[in-house]
Amino acid sequence: MTSTTWRREFPGDAAQLREVRRFVNGVLLDHPARDDTVSCVVELAANAIRHSRSGQRGTFSVELGLSGQIVRIVVSDAGGSAVPSIQQGTNDELLEGGRGLAMVAALSSRMGVEGDDLGRTVWAELRWDALDKASSSYPSEQPIGVCGWRIWFGEATCRWWAVPSTPLPILIEASSPEDLARGIGMVEGWPGNRCD
């Protein structure tokens, strides 16, 4: 099986997240796993900037590999005292942070962390073999704005996802549009789970 890899290094500045997004979009173009991959890479890059020495005038790298039905993401940073870990808890507890790696884990089929405080690599693999099952039930779309939320269907996970357009740090996932609407309604406190 043939694999192709692209790698780019970025300055450890939050303004570079736009360039990271542009890089991934440019590599994957119309690839079926593009949207989920962009979400994962941007989250891992933001973590590298925020939680490692890369964000202190250092650099981090992003590597994308395509092989068969797998997109492999590798984000390497300059290390630091914080060890990446997936946080468990309620939506209220995750408001304080820790939801990013949980999202990456949910979107990927496998992920891992390697290295130490001198340099760390977080990797994830996204499969899109579930795509045929997903596309038979739901159209594949870019995130759309509804009632102040960005909503999309993750083709790799066959799950619905939503994040608020405001800086409120929360991620909702559900198995159907109806369940997603109920989850958003509970967060917003909408009577009857409707937005007016």
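Evaluate segment 49-63: report whether one residue or more is under 14 Å from the mean Cα position of the chain (by Cα), surrounded by 14 or more Cβ atoms within 10 Å (Cβ to Cβ) and farther than 15 Å from W123 by Cβ.
Among the residues of segment 49-63, not one is under 14 Å from the mean Cα position of the chain (by Cα), surrounded by 14 or more Cβ atoms within 10 Å (Cβ to Cβ) and farther than 15 Å from W123 by Cβ, which makes the answer no.
Going by the structure shown, is M111 touching a helix residue (DSSP H, G or I) at 6+ places or on another chain (Cβ under 8 Å), modelled with pLDDT of 80 or more and open to solvent by 40 Å² or more (accessible area, probe 1.4 Å)?
yes
Within segment 5-16, how many residues are touching a helix residue (DSSP H, G or I) at 6+ places or on another chain (Cβ under 9 Å) and either open to solvent by less than 70 Å² (accessible area, probe 1.4 Å) or at pLDDT below 95 (or both)?
The number of residues fulfilling the criteria is 6.
I need the full set of residues from segment 85-108 which are closer than 21 Å to F153 by Cβ, touching a strand residue (DSSP E or B) at 6+ places or on another chain (Cβ under 9 Å), open to solvent by 30 Å² or more (accessible area, probe 1.4 Å) and modelled with pLDDT of 55 or more, in order please.
If the condition is that a residue be closer than 21 Å to F153 by Cβ, touching a strand residue (DSSP E or B) at 6+ places or on another chain (Cβ under 9 Å), open to solvent by 30 Å² or more (accessible area, probe 1.4 Å) and modelled with pLDDT of 55 or more, then A105, A106 are the ones that fit.
Taking the residues in segment 64-84 that are modelled with pLDDT under 85 and under 26 Å from A33 (Cα atoms) as candidates, determine which candidate is surrounded by the most Cβ atoms within 10 Å (Cβ to Cβ). Spell out the reasoning first.
To start, the set of residues in segment 64-84 that are modelled with pLDDT under 85 comprises 68, 81-84.
If we keep only those that are under 26 Å from A33 (Cα atoms) as well, we get 68, 84.
Numbers: G68: 10, P84: 22.
The residue in question is P84.
Considering only residues that are assigned to a helix (DSSP H, G or I) and open to solvent by 70 Å² or more (accessible area, probe 1.4 Å), look in segment 153-191 and name the one that is modelled with the lowest pLDDT. Lay out the reasoning, then the answer.
Keep residues of segment 153-191 that are assigned to a helix (DSSP H, G or I), which gives 177-188, 191.
Checking which are open to solvent by 70 Å² or more (accessible area, probe 1.4 Å) leaves us with 178, 182, 186, 188, 191.
Numbers: E178: 76, R182: 80, M186: 81, E188: 77, P191: 61.
Ranking the qualifying residues of segment 153-191, first place goes to P191.
Show the residue pairs that are 6+ apart or on different chains and have beta-carbon atoms under 6 Å apart, the first residue being within segment 97-119 and assigned to a strand (DSSP E or B), the second being aromatic (F, W, Y) and modelled with pLDDT of 85 or more.
Close Cβ pairs (under 6 Å, with a partner that is aromatic (F, W, Y) and modelled with pLDDT of 85 or more) amount to G112/W123.
Would you check if V42 is over 26 Å from D117 (Cα atoms), part of a helix (DSSP H, G or I), within 14 Å of the chain's Cα centre (by Cα) and without any contact (Cβ under 8 Å) to a residue 60 or more places away in the chain? Please lay out each step first, then the result.
Values: over 26 Å from D117 (Cα atoms): no; part of a helix (DSSP H, G or I): yes; within 14 Å of the chain's Cα centre (by Cα): yes; without any contact (Cβ under 8 Å) to a residue 60 or more places away in the chain: yes.
When the stated conditions are applied, V42 does not pass them.
The values are calculated or read from the model by the stated rules, or taken from the named source; none is laboratory data. From a predicted model like this one, the values you see are computed outputs, not experimental measurements. Reconstructed Cβ throughout: ideal geometry from the backbone, glycine too, with neighbour counts over all protein chains shown. Calculation scope for accessible area: heavy atoms of the full protein, side chains included, ligands and nucleic acids excluded. Shrake-Rupley method; radii C 1.70, N 1.55, O 1.52, S 1.80 Å.
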